[in-house]
Structure formats: structure tokens, C-alpha cells
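Data block below; observations after.
The values are calculated or read from the model by the stated rules, or taken from the named source; none is laboratory data. Computed from a predicted model, the values in this text were never measured in an experiment. Don't worry about glycine lacking a Cβ; one is built from the backbone with ideal geometry, like all the others, and counts go over all protein chains shown. Ligands, DNA and RNA are stripped out before the accessible areas are found, and what is left, the full protein with its side chains, is counted by its heavy atoms. Shrake-Rupley method; radii C 1.70, N 1.55, O 1.52, S 1.80 Å.
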Amino acid sequence: MANMKDAHTPLGCLAFEADIIDGKAFAAGLMARVKTEVDEIRSTGDKVPGLAVVLVGEDPASTVYVASKRRETQAAGMNSFEHRLPATTSQDDLLTLVGQLNADPTVHGILVQLPLPSHLDADAVIEAIDPAKDVDGFHIANAGKLAVGQTALVPCTPLGCIMLLKDRLDDLTGLHAVVVGRSNIVGKPMAQLLLQEDCTVTVAHRYSRDLPTLTRMADIVVVAVGRPEMVRGDWIKPGATVIDVGINRVIQDGKSRLVGDVAFAEMGHARAITPVPGGVGPMTIGCLLSNTLEAFRRAQARDAAAVKENL
Ligand code: GUN
């Protein structure tokens, strides 16, 4: 870790004391555990988990994400089904494909890559996915179950964040967590997961007054707003743990680089922080594979129960 810290220590500043949370290494461990389980499933049965990914159009970032999902799914020993549709695909045709994937017993997880072209209704597409195959955890049934504390498929990015937090801090009970951002994909499910860990949770957003005062009160700050380096050093109290969900491409000194929503170099007084890249990002795909494995196991359990019922 020391070399990573040194790499980020700004010249002329105090020593950077914060631990750097290595999401890449954690995600590699998670994916290795998933692969071990899939290998076992393969050796004892005739089915393996299958993940279907649907990409509509050719958005460059989405194309890269989908390619890496395919690579990692295959590396974990799962079946990967990729469906690439033209940007002109109609809502009906997309819903027909989702219906086919819902009915396909070799598909245990379905992910429709977002954003969709603007003529398509993403909410309607998400609601058409069988909640049992909704490995994104975006379906209203999964969001509702998460909100009332029932077993659900949980959105991958906040699931990755809570894994990193629990690994780092162990017991989160009673800690004050401030989540900056209230999206359905990250902020809201993140708040639910923190509540389940008995944190005191504040959800801040673009209309929150005096955001720096709010974040300064927090033991845990999770930021998911998509604004490069918005959170500054003096927004964070010494010893707080900072989870940066942002991935923003910026041009600095004529060079393109990725930065988070947090000004990383100013966070030396934090207890721990996720870097960008190499923090939360790799966890998202690890959790996608873990959710697909979970969806497979639940499908197997349902099938076994159905067989027993019919005996
Ligand atoms: N686009 C960017 N991130 C995601 C994700 O986690 N799931 C889906 N479906 N689309 C995305």
C-alpha cells in the first residue's frame, strides 16, 4: 500500500496518513471465490450460472463496460450471453427480448446496460425483467425488499461499497454515515444498506444546504454525484472513512485522466479512502458476478422445491 500512498502524496503537503482501500484486490478475491463456487457447480451438476447482458446502441463507455462484463463472466466460468441491438431498436422489440430472457432457463441474470437511447423507457424495461433475474437490483420489487429488510438482489455498486466498509471498519453500529447523492442506483440503496448496519444515515443531494457542514459531521462519507473532485479536504473530519463512487474523465495539463467525486490528494487526514481508479469501480463487476451466482442458487432452490411439491 505504501507505494500507492506515496504516488498520491501532493508535493509540499503534510504526509498522507489515510489508508487506501484497495478495491481492485478485494474484488479479485471476491471474483476468485465466485469462480471456485462456479467450478464446484460445474463439476457436480449439468447447469452453470448464465448472465445475459443487453446493449442497445454503441455508446462508447457502455461498449467498454459490456465487454469487460463478458470477459469477467467468462473468466468466472459462467455462461455469458451478449445481445447487441441497434440504437434504433423499438421499445416493443426490447421488451420482447427481455421476455425471452425471462423465460430462458439457462439465463439466471439479466442486465440491460444503461443509459438507453432517449426514445426508450428505461423504467418500463427494468420493470419487465423478472425480479429473480434482476442482478442489477433495480427492479421495484428488489428495491422494496431492500427497503423493508427482506432478502433482495442488491444494486452492485452500493453492495460493493458496503462490503469495503464492513471489511475496513468491521462494526458500523452507531456510526454517522452521510451519503451524497440520492440516485436509485447508488444513493438510495446505499442509505438502506447503511441503515441495515445500524448507522445513523443522512442522505444529502443537490438541494441540501451547507453540504460541507453535513459531511464534516460524518464518520463515513459516500459520494456518488458525478462531479469531479467536488468534495474537498475540509469537508471531511479527521479519521472519517471516505468512499468515492465517482468516475469522471477530466483533462488536466493536456492529459486525460480519471478522477473521483472527492479531491483525493486533500484526504490525507481521513482514516481510509477508496482511490479512483481502483476503488469502488472493480467492486461493481465483482458484485454483479456474485449476484448472478446468488440468482442461480435461488433458482436451483426453487426448482428443487417445485420437484418436491410434485412428488
Ligand atoms: N450503466 C452504468 N452502470 C450500470 C450498471 O451498474 N448497470 C446497468 N444496467 N447499467 C449501467
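Given a 1.4 Å probe, how much area per residue of segment 20-131 is accessible, in Å²?
49 Å²
Out of all DSSP beta bridges with both ends in segment 189-267, state the antiparallel percent to the nearest 5.
50 percent
Could you work out the relative contact order of segment 222-311, using alpha carbon pairs under 8 angstrom and six or more residues apart, expressed as a whole percent?
27 percent
Considering Cα pairs under 8 angstrom that are at least six residues apart, work out the relative contact order of the chain and quote it in whole percent.
Reported as a whole number, the value is 21 percent.
Give the angle, between 0 and 90 degrees and rounded to the nearest 10, that separates the Cα long axis of helix 91-103 from the longest principal axis of the Cα atoms of the chain.
70 degrees
Using only alpha carbon positions, build the gyration tensor of segment 234-311, then give the equivalent ellipsoid semi-axes as the square roots of 5 times its eigenvalues, largest first, whole angstrom.
Equivalent ellipsoid of segment 234-311: 43, 17, 7 Å, largest first.
How big is Rg to Rh over the chain, alpha-carbon atoms, Rh as the Kirkwood inverse-mean-distance radius?
A ratio of 0.99.
How big is the shadow of the Cα convex hull of segment 128-173, averaged over all directions, in nm²?
Reported value for the Cα convex hull: 3.5 nm².
How do 292-301, 210-219 rank on mean C-beta neighbours within 10 Å, highest first?
292-301, 210-219
Which of the peptides 192-203, 162-173 is most tightly packed, and how do the rest follow, judged by the mean count of other Cβ atoms within 10 Å per residue?
Ranking the peptides 192-203, 162-173 by packing returns 192-203, 162-173.
Go through 127-134, 252-259 and give me the packing order, highest mean Cβ count within 10 Å leading.
127-134, 252-259
When the accessible area of segment 91-219 is computed with all protein chains present and a 1.4 Å probe, what percentage of it is carbon and sulfur?
Ligands and nucleic acids excluded, carbon and sulfur give 51 percent.
Can you compute the helix-only [θ] at 222 nm over the chain? Use -39500 (n - 2.57) per DSSP H run of at least 4 residues, normalise by all residues, nearest 500 deg cm²/dmol.
After summing the helix terms and dividing by residue count, I get -13500 deg cm²/dmol.
If you place +1 on the Cβ of every Lys and Arg, -1 on the Cβ of every Asp and Glu, and leave all else neutral, what size is the dipole of the chain about its Cα centre, to the nearest 20 Debye?
For the chain, the charge dipole is close to 300 debye.
Work out, in µm²/s and without decimals, the Stokes-Einstein translational diffusion coefficient of segment 179-292 at 10 °C, 1.306 mPa s, Rh from Kirkwood over C-alpha pairs.
Diffusion coefficient, whole number: 109 µm²/s.
Can you give the % of DSSP beta bridges in the chain that are antiparallel, to the nearest 5?
That works out to approximately 15 percent antiparallel.
If the reach is capped at under 18 angstrom between alpha carbons, list the lysines near Lys35, excluding any in the same chain fewer than eight residues apart.
Within the straight-line limit of under 18 Å, Lys35 reaches these lysines: Lys24, Lys47, Lys69.
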